[in-house]
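Quick notes on the structure that follows.
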Amino acid sequence: MKAPTIARVLTGVLVSQLALGAFLVISDLAGAGFRMPQFGPQMPRLSDPVRPGDQRRTFSPDRDLPPLSPLRDPDDLPDRLTLTQIEGGTWRLEGGIAAGDGARLTEQISAATPPVETLILQSPGGSVQDALALGRHLREQGIATQMLEGEFCYSACPYLLAAGRPRSIADGAAVGVHQHYFGESTLLPAFVAVSDIQRGQGEVMVYLDEMGIDPMVMSHAMTTPADEIYILLPEELARYGFTEAETEAAAN
C-alpha cells in the first residue's frame, strides 16, 4: 500500500477543519435561536416527566421553560439576575445570567442588609464566566444555595448551585446541563473556536473540583448540544456531589 502523499494529507486536514468549522457555525446559529428542521419522533418537552435514559429535552432560554414555579411564572423571569429578599437572611436570586452579572451581584450581595445567608435559585443560565466568578464569591462568603420544588437551574446556573455551603435541592426541582459557548463567537477559524471551548471546559472542571463536585458531571454537558438540556436524576445529583447527603459524606 502506498504511503499517503503530502497533498492527500493536507486535503484530509482541510476537509476535517471545514467540517468542524461548519459544525461550529451551525451550533452558533442554534445558540442564536435558529434550529434545523426536525425529523423523526419529537423530543419530549421540558415539562414532561424525566426517566432514566430519557433525560434530554429541547431547550432555549427564550422559550421552552416549564410553567412549574410555585413563586414565579418563568415567562416573568428577568433577563438579568435579580436579588430579592424573602425573609431574614433568605434571599432569592433569579433570572438570566448576563455578562457583567458576576461583578454586579457580588457587589449587591456584599452590601445586602440583612446579610445573605441563603440564596434560592431559579435561572435558565447564561454567561459561564460570570457564574463562576459569582459562585466563588458565594463560597468565600459561606452562603447556602437552595432550590424549591418545581423550579429549575439550567446551563450555567448549576455552577451557582454548586457554590452553596450547604446545598439543598427539593424533590421535583430540575438541574440541567449542556454544552456552553466560551468565545465571543464560534464564527472563527475552527482551531481558535476549539481552543476557546477546551480552555473554557478546563476552567469549569477546575471550578467544580474546588466546589466539591465531581467534574465527571461534565460528561453529560459535553455530550448534550446547546439547544438541548440534560436533566440530572436525583441519584446523579447525589453521585456528583450536589445533594447535601453526598456533600456531608464527602466531608467525613
(request) Using amide H atoms built 1.01 Å from N in the peptide plane, name the residues 5+ places from Thr224, or on other chains, whose amide H lies under 5 Å from its own. (result) Gln179
(request) Name the long-range amide H neighbours of Tyr154: under 5 Å, sequence gap of 5 or more, or other chain; modelled H, no Pro or chain starts. (result) Ser123, Gly125, Gly176
(request) With label points built 7 Å along Cα→Cβ from the Cα atoms of Ser110 and Met216, find their separation and express it in nm. (result) 3.8
(request) Would you mind calculating the relative contact order of segment 95-182 from Cα pairs under 8 angstrom and at least 6 residues apart, reporting the percent as a whole number? (result) 29
(message) Please list 3J(HN,Hα) in residue order for segment 92-100, calculated via the Karplus relation 6.51 cos²θ - 1.76 cosθ + 1.60 where θ = phi - 60°; whole Hz, with x for glycine and proline.
(response) 10, 10, 9, x, x, 9, 8, 4, x
(message) Residue by residue through segment 216-230, what is 3J(HN,Hα) from phi via Karplus (6.51 cos²θ - 1.76 cosθ + 1.60, θ = phi - 60°)? Round to whole Hz and write x for glycine and proline.
(response) 5, 4, 5, 5, 6, 5, 6, 9, 10, x, 5, 9, 10, 9, 9
(request) Can you list which of the GluC sites (Glu not before Pro) found in segment 104-171 are DSSP loop residues with at most 16 other C-beta atoms within 10 Å? (result) Glu117, Glu149
(request) Grab the Cα-Cα distance for Met205 and Ala99, subtract it from 0.36 nm times how many residues apart they are, and report the gain in nm with one decimal. (result) 36.1 nm
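Calculated FRET efficiency, Gln141 and Thr223, Cβ-Cβ r, R0 41 Å, to nearest 0.05? Spell out each step's value before the answer.
Values: r = 34 Å, r/R0 = 0.82.
Taking R0 as 41 Å, the efficiency between Gln141 and Thr223 is 0.75.
Taking K and R as +1 and D and E as -1, what net charge do the other residues with C-beta under 12 Å from the C-beta of Met205 add up to?
-3
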(message) 7 Å from Cα along Cα→Cβ at both Asp48 and Asp76: what's the point-to-point distance in nm?
(response) 2.9
(request) Report the net charge of residues surrounding Arg104, where surrounding means a beta-carbon distance below 14 angstrom and charges are Lys +1, Arg +1, Asp -1, Glu -1. (result) -3
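Every number in this text was worked out from the coordinates using simple rules, so none of it is lab data. If you're wondering where the values come from, they're calculated on a predicted model, not measured in any experiment. Every residue, glycine as well, gets a Cβ built from its backbone with ideal geometry; the counts of neighbours run over all protein chains shown.
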